[in-house]
Amino acid sequence: IMENKPVWEQIGAGFVQHYYQQFDTNRVLLADLYTDASCLTWEGQGFQGKNAIMEKLTNLPFQKIQHSITAQDHQPTPDSCVISMVVGQLKVDDDPVMGFHQLFLLKNIDNKWICSNDMFRLALHNFGC
């Protein structure tokens with residue numbers, strides 16, 4: 001089925017599958033997907049560079065996590081990048097399942113797709129604030 005899809009969809013879907021597989025099994029391996037120019041916004045908090053991003057991701061306060069992807073959309077950008085939006089659910093430790101949204105901007109550097117921009121938000125709706 002994948003070969004019938006546009007190349008940017010194949011790239012985006014491949015990245016998304018790889019990212020969450022690594023995240024759920026061994027977060028340390030995510031370092032290969034970022035560069036020193038990469039940016040991460042995690043729940044409104046900004047981080048720049050591979051070291052800062054990895055420090056954030058590896059020190060998240062849970063033992064185990066499982067992501068389940070509900071939907072993903074991918075588009076080519078005018079400068080030959082791929083933008084990917086992911087909607088899904090995650091379960092950490094014994095907490096209830098929570099929804100999340102994540103957006104990746106993927107860039108090809110030296111024939112390798114890396115994440116130049118990453119934005120993550122839990123889908124929490126606290127309307128009674």
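What the table below lists for this structure:
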quantity: Residue list for segment 71-87, restricted to those being without any contact (Cβ under 8 Å) to a residue 40 or more places away in the chain, more than 14 Å from the chain's Cα centre (by Cα) and at negative phi; calculated: Thr77, Pro78, Asp79, Cys81
quantity: Number of the exception - Leu40 against (1) surrounded by 13 or more Cβ atoms within 10 Å (Cβ to Cβ); (2) of a type in the set (A, V, I, L, M); (3) part of a helix (DSSP H, G or I); calculated: (3)
quantity: Residue tally, condition assigned to a strand (DSSP E or B) and among the small types (Gly, Ala, Ser), over segment 82-128; calculated: 4
quantity: Inter-residue pairs, beta-carbon under 6 Å, first at pLDDT 95 or above and in segment 1-23, second assigned to a helix (DSSP H, G or I), 6+ apart; calculated: Gln10/Met2; Gln22/Leu29; Gln22/Leu30
quantity: Residue check for Thr35: hydroxyl-bearing (Ser, Thr, Tyr) and either open to solvent by 50 Å² or more (accessible area, probe 1.4 Å) or touching a Gly at 6+ places or on another chain (Cβ under 6 Å) (or both); calculated: no
quantity: Segment 38-84, residues that are of a type in the set (A, V, I, L, M) and under 22 Å from Asn26 (Cα atoms); calculated: Leu40, Ala52, Ile53, Met54, Leu57, Leu60, Ile65, Ile69
quantity: In segment 49-74, residue farthest from Asp118 (Cα to Cα) [restricted to those that are in a loop (DSSP other than H, G, I, E, B) and polar (S, T, N, Q)]; calculated: Gln63
quantity: Considering residues of segment 75-87 that are in contact with a Ser or Thr (Cβ under 9 Å, 6 or more places away or on another chain) and more than 14 Å from Tyr20 (Cβ to Cβ) only, the residue surrounded by the most Cβ atoms within 10 Å (Cβ to Cβ); calculated: Cys81
quantity: Of all residues making up segment 1-32, the number that are of a type outside the set (S, T, N, Q), part of a helix (DSSP H, G or I) and open to solvent by less than 70 Å² (accessible area, probe 1.4 Å); calculated: 14
quantity: Within segment 57-74, tally of residues that are farther than 26 Å from Glu9 by Cα and open to solvent by 50 Å² or more (accessible area, probe 1.4 Å); calculated: 5
quantity: Among (1) under 27 Å from Pro6 (Cβ atoms); (2) outside any helix (DSSP H, G or I); (3) without any contact (Cβ under 8 Å) to a residue 12 or more places away in the chain; (4) not hydrophobic (A, V, I, L, M, F, W, C), the one test that Gly46 misses; calculated: (1)
quantity: Selection count where residues are surrounded by fewer than 16 Cβ atoms within 10 Å (Cβ to Cβ), more than 20 Å from Leu29 (Cβ to Cβ), in contact (Cβ under 8 Å) with a residue 40 or more places away in the chain and in contact with a Ser or Thr (Cβ under 9 Å, 6 or more places away or on another chain), scope segment 88-129; calculated: 1
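The values are calculated or read from the model by the stated rules, or taken from the named source; none is laboratory data. The structure displayed is predicted, hence computed values, not measured ones. Heads up, the Cβs are rebuilt from the backbone with ideal geometry, glycines too, and the neighbour counts pull from every protein chain shown. Only protein heavy atoms, including side chains, enter the accessible area calculation; ligands, DNA and RNA are left aside. Shrake-Rupley method; radii C 1.70, N 1.55, O 1.52, S 1.80 Å.
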